[in-house]
Amino acid sequence: MRDYSHTSFWLATADPYVPSPPLQGDLHVEVAIIGGGFTGLSTAYHLRADAPGLRVAVLEAEVVGFGASGRNGGFSMTLFGLEPAVTKALFGHQRTLEAYRYMERAVDHVQALVQQHGLQSDYEHPGFLRAATTPAYARRIQHDLEILTSLGVRDIEWIEASAIRAEVDSPRFLGGWWEPRCGLLNPAKQARELRRLALAQGAQIFEQTPVLEISRGPRFTLRTPGGTVSAKKLVFATNAYSHLIPQLRARQVPAFTHMVITEPLTQAQLDTIGWRGRQGVEDARNLVHYLRLTADNRLAIGGSDVSLAYGADMARDHNSRTFADLERAVTWLFPGLRGVRFTHRWGGPVSVPVDLAPAIGQLGDRRALFSLGCVGHGVSMTHLNGRTLADLALERSTDLTDVWFVNRRMLPWPPEPLRMVASQAIRGALRLQDAFDERHLAQA
Ligand SMILES: Cc1cc2nc3c(=O)[nH]c(=O)nc-3n(C[C@H](O)[C@H](O)[C@H](O)COP(=O)(O)OP(=O)(O)OC[C@H]3O[C@@H](n4cnc5c(N)ncnc54)[C@H](O)[C@@H]3O)c2cc1C
């Protein structure tokens, strides 16, 4: 099998893996799912759990968890899109609340799946701290909190500097948002465990099986290198790769976010940072930093900036400037960790619609479905989206299929070179606002 160890720390350190064989020959199914990340695997599992007779096949170009699902920070959290203020500005109060409730349910769904099926993915449920590192970020967090509180959300609270530092001892933390509802997991293990669940339910999974061409008639015909699949229904679970599929070209673009991870911290190093509660932590930048401890007490940090790619280019996993920024951020946040060694550096694509919000939809008619656009917050959402997509594929109307971002109107990205100009402009505006909110730090 191809070597995927460079793809992420999680894939590099997971147990040796034997992928399912590629498709050889022709296959006839009711539902074909393109993409073996959390979305595709969760859809397959739920379809088979609800309709055991249904023939369901997942076709993955590389291996399960090759995409963002095997590379992410592992935060299973309630954030939808960028942040509540952005969702409210674009979609209004009521939709912000509906999205938040969906995301609460998504986090609970992941936790229930892990507990009910004994998934071995190092899942813990330590809660979430959104930490302010400048007064402007404190105001941004408090504004988001006011929005959610005014909508009746009661589970999140503002905590002062002394309280947040009692949890995670960074001298940079000025206060923050405390939310008990957040899990942390090892994403590569989670993807493989979802694969195990889907297989146990009777779904078929073909790895190293890229779908090269799709034609639409009374049934869909999918061409792969080793054979074709004839399917009554089709689910595009291709997320940040979706622009490579002609039918989804204008719906999203990939933006690449990067991560670095330390060696396991010594007890003395752990003592300098506190963090006994092991919460997931994000700051409040637009181009957020996210950080956590792993099961073996490494510190993993990601974010800081995103890399953009032109056209069909997907080779933006490595960015030495961002890796260096992230390594500096660790000692800026935790001076006691000066000299710590970093062992792995990697990146992956997140899916970005023009309006920075997730979408589930139909293409043409209800026989073809897609899910994309989770921006950087898709771990919990993709699991529940699998449940929602299964309902849609089974032509059921449920409280999940009724949410506003199912079949919502999406603005298209323009073709290149305008796409690059537009994505640079959005990134530039986000960076500018961050730089403004950090202006006092720059002077310090
Ligand atoms: C570095 C990083 C950190 C992140 N951290 C977090 C986090 O902490 N919390 C959070 O909530 N979200 C996070 N995210 C986002 C989250 O990981 C994603 O939203 C989520 O994993 C998307 O899952 P998916 O199954 O929809 O897509 P993916 O996991 O990307 O799966 C899509 C799959 O489709 C396959 N594919 C594409 N085209 C074809 C084709 N033609 N034929 C066959 N297969 C194809 C790809 O190979 C890929 O495996 C992060 C993302 C990255 C990159």
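Going through segment 290-344 one residue at a time, which ones are of a type in the set (S, T, N, Q), modelled with pLDDT of 95 or more and farther than 18 Å from residue 67 by Cα? Full working, then the answer.
Residues of segment 290-344 that are of a type in the set (S, T, N, Q), as a first pass: 294, 297, 304, 307, 319-320, 322, 331, 343.
From what is left, the residues that are modelled with pLDDT of 95 or more are 294, 297, 319-320, 322, 331, 343.
Residues satisfying the conditions are 294, 297, 320, 322, 331, 343.
Can you tell me how many residues in segment 75-105 are of a type in the set (D, E, K, R), farther than 23 Å from residue 387 by Cα and in a helix (DSSP H, G or I)? Outline the logic, then answer.
Let us first name the residues in segment 75-105 that are of a type in the set (D, E, K, R), namely 83, 88, 95, 98, 101, 104-105.
Okay, now just the ones that are also farther than 23 Å from residue 387 by Cα, so 83, 88.
Filter once more, keeping what is in a helix (DSSP H, G or I): 88.
Total satisfying the criteria: 1.
Check 57, 61, 49 and return the single one that is closer than 27 Å to residue 233 by Cβ, among the aliphatic types (A, V, I, L, M), out of contact with any strand residue (DSSP E or B) (no Cβ under 7 Å at 6 or more places or on another chain) and not in a loop (DSSP other than H, G, I, E, B).
On the way: 57 fails: out of contact with any strand residue (DSSP E or B) (no Cβ under 7 Å at 6 or more places or on another chain); 61 fails: not in a loop (DSSP other than H, G, I, E, B).
Of 57, 61, 49, the one residue that is closer than 27 Å to residue 233 by Cβ, among the aliphatic types (A, V, I, L, M), out of contact with any strand residue (DSSP E or B) (no Cβ under 7 Å at 6 or more places or on another chain) and not in a loop (DSSP other than H, G, I, E, B) is 49.
Show the residue pairs that are 6+ apart or on different chains and have beta-carbon atoms under 8 Å apart, the first residue being within segment 290-310 and on the phi > 0 side of the Ramachandran plot, the second being more than 12 Å from the ligand (Cβ to nearest atom).
297/264; 297/265; 297/270; 303/285; 303/287; 304/287; 304/325; 304/329
Is it true that some residue in segment 57-78 is without any contact (Cβ under 8 Å) to a residue 24 or more places away in the chain, surrounded by fewer than 24 Cβ atoms within 10 Å (Cβ to Cβ), over 23 Å from residue 107 (Cα atoms) and not hydrophobic (A, V, I, L, M, F, W, C)? Lay out the reasoning, then the answer.
Taking segment 57-78 as the starting set, the residues that turn out to be without any contact (Cβ under 8 Å) to a residue 24 or more places away in the chain are none.
No: segment 57-78 contains no residue that is without any contact (Cβ under 8 Å) to a residue 24 or more places away in the chain, surrounded by fewer than 24 Cβ atoms within 10 Å (Cβ to Cβ), over 23 Å from residue 107 (Cα atoms) and not hydrophobic (A, V, I, L, M, F, W, C).
Is there a residue being closer than 30 Å to residue 4 by Cα, of a type in the set (Ser, Thr, Tyr) and in a loop (DSSP other than H, G, I, E, B) anywhere in segment 134-147?
Here is the first cut: in segment 134-147, the residues closer than 30 Å to residue 4 by Cα are none.
Within segment 134-147 (the criterion being closer than 30 Å to residue 4 by Cα, of a type in the set (Ser, Thr, Tyr) and in a loop (DSSP other than H, G, I, E, B)), the answer is no, since none of the residues qualifies.
For segment 192-207, enumerate the residues that are under 22 Å from the mean Cα position of the chain (by Cα) and either more than 30 Å from residue 123 (Cβ to Cβ) or within 13 Å of the ligand (Cβ to nearest atom) (or both).
192, 194, 195, 198, 205, 207
Can you name the condition, by its number, that residue 192 falls short on among (1) out of contact with any Gly (no Cβ under 7 Å at 6 or more places or on another chain); (2) assigned to a helix (DSSP H, G or I); (3) charged (D, E, K, R)?
Going through (1) out of contact with any Gly (no Cβ under 7 Å at 6 or more places or on another chain); (2) assigned to a helix (DSSP H, G or I); (3) charged (D, E, K, R) one by one, residue 192 breaks only (1).
With the requirement that a residue be away from the ligand (no atom under 13 Å from the Cβ), within 26 Å of the chain's Cα centre (by Cα) and not small (Gly, Ala, Ser), what does segment 224-250 give you?
Listed by number, the list holds a single entry, 233.
Hey, among 36, 70, 74, which residue is within 14 Å of the ligand (Cβ to nearest atom), at pLDDT 95 or above, closer than 24 Å to residue 430 by Cα and in contact with a helix residue (DSSP H, G or I) (Cβ under 9 Å, 6 or more places away or on another chain)? Steps first, please.
Values: 36 fails: closer than 24 Å to residue 430 by Cα; 70 fails: closer than 24 Å to residue 430 by Cα.
Of 36, 70, 74, the one residue that is within 14 Å of the ligand (Cβ to nearest atom), at pLDDT 95 or above, closer than 24 Å to residue 430 by Cα and in contact with a helix residue (DSSP H, G or I) (Cβ under 9 Å, 6 or more places away or on another chain) is 74.
Just give me the residues in segment 205-225 being in contact (Cβ under 8 Å) with a residue 24 or more places away in the chain and assigned to a loop (DSSP other than H, G, I, E, B), in sequence order. Before the answer, list the steps.
To start, the set of residues in segment 205-225 that are in contact (Cβ under 8 Å) with a residue 24 or more places away in the chain comprises 205-211, 214, 216, 220, 222, 224-225.
Of everything in segment 205-225, those that are in contact (Cβ under 8 Å) with a residue 24 or more places away in the chain and assigned to a loop (DSSP other than H, G, I, E, B) turn out to be 207, 208, 209, 210, 211, 225.
Among the residues of segment 362-397, which ones are farther than 16 Å from residue 232 by Cα, more than 10 Å from the ligand (Cβ to nearest atom) and touching a residue at least 60 places away in the same chain (Cβ under 8 Å)?
Going residue by residue through segment 362-397, those that are farther than 16 Å from residue 232 by Cα are 371-388, 396-397.
Subset that is more than 10 Å from the ligand (Cβ to nearest atom): 384, 387-388, 396-397.
Listed by number, the residues that qualify are 384, 387.
Can you confirm whether segment 140-161 contains a residue that is within 30 Å of residue 21 (Cα to Cα) and surrounded by fewer than 18 Cβ atoms within 10 Å (Cβ to Cβ)?
Taking segment 140-161 as the starting set, the residues that turn out to be within 30 Å of residue 21 (Cα to Cα) are none.
No, the conditions are met nowhere in segment 140-161.
Give just the number: which of (1) at pLDDT 95 or above; (2) surrounded by fewer than 18 Cβ atoms within 10 Å (Cβ to Cβ); (3) hydrophobic (A, V, I, L, M, F, W, C) does residue 411 not satisfy?
If we test residue 411 against (1) at pLDDT 95 or above; (2) surrounded by fewer than 18 Cβ atoms within 10 Å (Cβ to Cβ); (3) hydrophobic (A, V, I, L, M, F, W, C), just (1) comes out false.
What single numbered condition from (1) in a helix (DSSP H, G or I); (2) closer than 25 Å to residue 437 by Cβ fails to hold for residue 301?
Single failed check for residue 301: (1).
Does segment 323-345 include one or more residues that are under 30 Å from residue 412 (Cβ atoms), within 13 Å of the ligand (Cβ to nearest atom) and in contact (Cβ under 8 Å) with a residue 24 or more places away in the chain? Before the answer, list the steps.
Step one: of segment 323-345, the residues under 30 Å from residue 412 (Cβ atoms) are none.
No, because not a single residue in segment 323-345 is under 30 Å from residue 412 (Cβ atoms), within 13 Å of the ligand (Cβ to nearest atom) and in contact (Cβ under 8 Å) with a residue 24 or more places away in the chain.
Could you list, in sequence order, the residues of segment 269-289 that are at negative phi, of a type in the set (Lys, Arg) and either away from the ligand (no atom under 15 Å from the Cβ) or surrounded by fewer than 21 Cβ atoms within 10 Å (Cβ to Cβ) (or both)? Even if it seems obvious, please write down each step before you answer.
So in segment 269-289, the residues at negative phi come out as 269-273, 276-277, 279-289.
Adding the requirement that they be of a type in the set (Lys, Arg) leaves 276, 285.
Once the filter is applied, which keeps residues that are at negative phi, of a type in the set (Lys, Arg) and either away from the ligand (no atom under 15 Å from the Cβ) or surrounded by fewer than 21 Cβ atoms within 10 Å (Cβ to Cβ) (or both), segment 269-289 yields only 276.
I'd like the full set of residues that are out of contact with any Lys or Arg (no Cβ under 8 Å at 6 or more places or on another chain), crowded, with 18+ Cβ neighbours inside 10 Å and under 26 Å from residue 313 (Cβ atoms), limited to segment 227-244.
Hits for segment 227-244 are 235, 236, 237, 238, 239, 240, 241.
In segment 313-331, how many residues are crowded, with 17+ Cβ neighbours inside 10 Å and not charged (D, E, K, R)?
Matching residues across segment 313-331 total 6.
State all residues of segment 119-131 that are under 21 Å from residue 276 (Cβ atoms), in a loop (DSSP other than H, G, I, E, B) and touching a helix residue (DSSP H, G or I) at 6+ places or on another chain (Cβ under 7 Å); if no residue qualifies, say none.
Taking segment 119-131 as the starting set, the residues that turn out to be under 21 Å from residue 276 (Cβ atoms) are 122-131.
Checking which are in a loop (DSSP other than H, G, I, E, B) leaves us with 122-123, 125-127.
Within segment 119-131, 122, 123, 125 qualify.
Checking residue 154 against (1) touching a helix residue (DSSP H, G or I) at 6+ places or on another chain (Cβ under 7 Å); (2) in a loop (DSSP other than H, G, I, E, B); (3) of a type outside the set (Asp, Glu), only one condition comes out false. Which one?
Condition not satisfied by residue 154: (1).
The values are calculated or read from the model by the stated rules, or taken from the named source; none is laboratory data. Computed from a predicted structure; not experimentally measured. Heads up, the Cβs are rebuilt from the backbone with ideal geometry, glycines too, and the neighbour counts pull from every protein chain shown.
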